[in-house]
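Peer 1: Here you go, one structure.
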Amino acid sequence: MKLNTCYKKTAYLFALALLLIFIFAATASAEGGGTLYFRHTDGRFEYLQSDGSQVYGAGSISSRGNSLGLNPEWESKAAADMNGNGRFELIIQNKYDGRLVVGYLNASGNDIERYEKIYNPSGGDRISTDWELRDVYDLNNNGNPDLIWQGVSGNVRGQLAIWFMDGLTATSPGRITQAGGRATIDPSWQLRAVGDLMGNGRPELLWQAVSGAHRGELAYWTLSGFERSGGGRLTHQGGRASINPAWQMRALGDLTGNGNPEIIWHNSNGSLAYWEMSGNNRNGGGSLAPGSKSASWTLFGMKPADGTTTPPPTDFAQVEQNILYLVNDIRATWGRQPLQMHDQTRELARAHSRDMANNNFFSHTSPTTGSFADRFNNAGISYSAAAENIHKNTVGDARTAFNGWYNSPGHRQNMLSRDYTHTGIGIAERNGTYYYTQKFFTPR
């Protein structure tokens, strides 16, 4: 069950408006989807957790506590569980000298707590910049993710190589071969993702033609060790699948939690989409929630869904941040400026949610703190325009609250209004019911 209601006060109109809207709907715990990792051109990291149809988690990833991330000379290449601890690590390469490092995420997945070098077969920590790391995947099913390279310049242009790894050390490097010789490919074809596309327990390399006569076409190679043992084109509706080159293939894996792989796409205009695959045939797909991610962000890796049910949250601070992300994302879609989280107002929102939970009521008017305006005034927050949305449900996630508000005209008006520049979001729980408060205002 979920309920929401909103309240708005505009000081410069000297008027009050109260809107109480109750929306009842059956809800269930959301299935765990995949995690998508993004890197901004300025060095920042962010992640989204999505099952395709909805985002149920989002946030920034700091670098040893620094929210600015890494110097842009370090390029994010892939994400993989490099040490078997169930967490995904970020694989990063210096674009000038070829150095390779792994960034280890903390348990919450929101900070790179340390970095370690990846060592090449000679014991060094770098590789010629003639080679680009294209993906990381356990090619030989030994529990160690391996590194897959494509030669992009010099005398290795068009060649392909693998580093079979033991932890962070390359122990069995070699070139990909075909029919007894080195396999090569025209540089107009770029290796974009690696995974078990065909469901045969063998890895496939997925290719996208980005220029030339085959521009927009898609293909795959099946590997057996270093040897290319098969392959073909991706298909759709009885013919070859193709795509506008503005779309770039970015990942392959089970995003939706249905047990089948999806191809994840990122458009140069920021749009995100996915294809559902059955072997090498596209049999479905659609736009990927949240729908877009600015072209200043590069999608560089994905942690696949594990099929488990997402537990109710205990750290409401992250859920509050997820709501802010969803609200600002839809504001951007409507051409609005993002709201800034205001710490004092956030604590005010948390206090009202706790008040509702502890005293078993659901209203803008509290028996202990009074009206919405009383709480703002008693906190000493001066504003020229302000509003409040409240909501409750039995799920405890960000998306359920956001959907409830967005599907209600009054709440949606508050979320999208140009009158507000700041917000405070607070959540509390009692006996399995979650209470949400979001305050909007513009400081006077």
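Peer 1: Please give the contour-minus-distance gain from Thr171 to Ser128: 0.36 nm per residue of separation, less the Cα-Cα distance, rounded to one decimal in nm.
Peer 2: Details: separation 43, 0.36 × 43 = 15.48 nm, distance 1.77 nm.
Value of the extension gain: 13.7 nm.
Peer 1: Mind giving me the nanometre distance, one decimal, between the label points for Asn267 and Arg240, set 7 Å out from Cα along Cα→Cβ?
Peer 2: 2.4
Peer 1: Next question. Of the heavy-atom accessible surface of the chain (probe 1.4 angstrom), what whole percent is carbon and sulfur?
Peer 2: Values: 8280 of 18540 Å².
Solvent-exposed carbon and sulfur of the chain make up 45 percent of the total.
Peer 1: Something else about it: Give the ranking of Arg228, Arg430 by solvent-accessible surface, highest area first, calculated with a 1.4 Å probe. Display every interim value, and only then the final one.
Peer 2: Numbers: Arg228 65, Arg430 115 Å².
Heavy-atom accessible area, descending, gives Arg430, Arg228.
Peer 1: Multiply the residue gap between Trp334 and Ser60 by 0.36 nm, knock off their C-alpha separation, and tell me the result in nm, one decimal place.
Peer 2: Values: separation 274, 0.36 × 274 = 98.64 nm, distance 2.27 nm.
Gain on stretching Trp334 to Ser60: 96.4 nm.
Peer 1: With every protein chain left in place and a probe of 1.4 Å, what is the accessible surface of Val102, to the nearest 10 Å²?
Peer 2: Result for Val102: roughly 0 Å² accessible.
Peer 1: What are the membrane-span-like helices in the chain by this rule: whole DSSP H runs, Cα extent along the axis at least 15 Å, mean Kyte-Doolittle hydropathy at least -0.5? The partial results should precede the final answer.
Peer 2: Working: long enough: 316-333 (26 Å, 0.22); 343-359 (24 Å, -1.65).
Those that pass (Cα extent of 15 Å or more, hydropathy at least -0.5) are 316-333.
Peer 1: Pick from Asn258, Asn431, Asn106 the residue whose mean-square fluctuation is largest in a GNM of the chain, springs joining Cα atoms under 10 Å.
Peer 2: Asn431
Peer 1: Here is a further query. Counting Lys and Arg as +1 and Asp and Glu as -1, what is the net charge of the other residues whose Cβ lies under 12 Å from the Cβ of Leu348?
Peer 2: Local net charge: 0.
Peer 1: If Lys392, Lys439 are ordered by their accessible area, calculated over protein heavy atoms with a 1.4 Å probe, which sequence runs from highest to lowest? Display every interim value, and only then the final one.
Peer 2: Working: Lys392 40, Lys439 0 Å².
Output order, biggest surface exposure first: Lys392, Lys439.
Peer 1: Considering only protein heavy atoms, what per residue accessible area in square angstrom results for the chain with a 1.4 angstrom probe?
Peer 2: Values: 18540 Å² over 444 residues.
Heavy-atom accessible area per residue stands at 42 Å².
Peer 1: Report the FRET efficiency, 1/(1 + (r/R0)^6), for Asn106 and Ser363, where r is their Cβ-Cβ distance and R0 is 25 Å, rounded to 0.05. Please list the in-between numbers first.
Peer 2: On the way: r = 39 Å, r/R0 = 1.55.
Given R0 = 25 Å and the Cβ-Cβ separation, E is 0.05.
Peer 1: Report the gain in length on full extension from Asn140 to Ala179: 0.36 nm times residue separation, minus Cα-Cα distance, nm rounded to one decimal. Can you show the working numbers first?
Peer 2: Details: separation 39, 0.36 × 39 = 14.04 nm, distance 2.01 nm.
Here the answer is 12.0 nm.
Peer 1: List the equivalent ellipsoid semi-axes of the chain in whole Å, largest first, each obtained as the square root of 5λ for an eigenvalue λ of the Cα gyration tensor. Show your work: numbers first, answer last.
Peer 2: On the way: eigenvalues 437, 94, 75 Å².
Taking √(5λ) for each Cα gyration eigenvalue gives 47, 22, 19 Å.
Peer 1: Oh, and also: Below 8 Å, C-alpha to C-alpha, sequence gap of six or more: please give me the relative contact order for region 55-104 in percent.
Peer 2: 24
Peer 1: Based on DSSP H runs of at least 4 residues, each adding -39500 (n - 2.57), what is the mean residue ellipticity at 222 nm of the chain after dividing by all its residues, to the nearest 500 deg cm²/dmol?
Peer 2: Numbers: 5 runs with 59 residues, N = 444.
Estimated from H runs of four or more residues: -4000 deg cm²/dmol.
Peer 1: Principal axis lengths of region 85-183 from Cα atoms, whole Å, largest first?
Peer 2: Here the Cα extents, ordered largest to smallest, are 46, 32, 22 Å.
Peer 1: Going from most exposed to least, what order do Ile162, Ile185 have by accessible area with a 1.4 Å probe? Don't skip to the end; give the middle numbers.
Peer 2: Working: Ile162 0, Ile185 25 Å².
Reading off the accessible areas and sorting them downward yields Ile185, Ile162.
Peer 1: Test of understanding: in a Gaussian network model of the chain with alpha carbons linked when under 10 Å, which of Ile330, Ile61, Ile381 would top the mean-square fluctuation ranking?
Peer 2: The residue with the greatest mean-square fluctuation here is Ile381.
Peer 1: Shape verdict for region 126-261, please, from the Cα gyration tensor: rounded (a/c under 1.5), prolate (a/b greater than b/c) or oblate.
Peer 2: Details: a/c = 1.64, a/b = 1.18, b/c = 1.40.
Oblate shape, in that a/c is at least 1.5 and b/c is the bigger or equal ratio.
The values are calculated or read from the model by the stated rules, or taken from the named source; none is laboratory data. Model, not experiment: these values are computed from the prediction. Quick reminder, even Gly has a Cβ in these numbers, built from the backbone with ideal geometry, and neighbours come from all protein chains shown. Heads up: the accessible areas ignore ligands, DNA and RNA and are worked out on the full protein's heavy atoms, side chains in. Shrake-Rupley method; radii C 1.70, N 1.55, O 1.52, S 1.80 Å.
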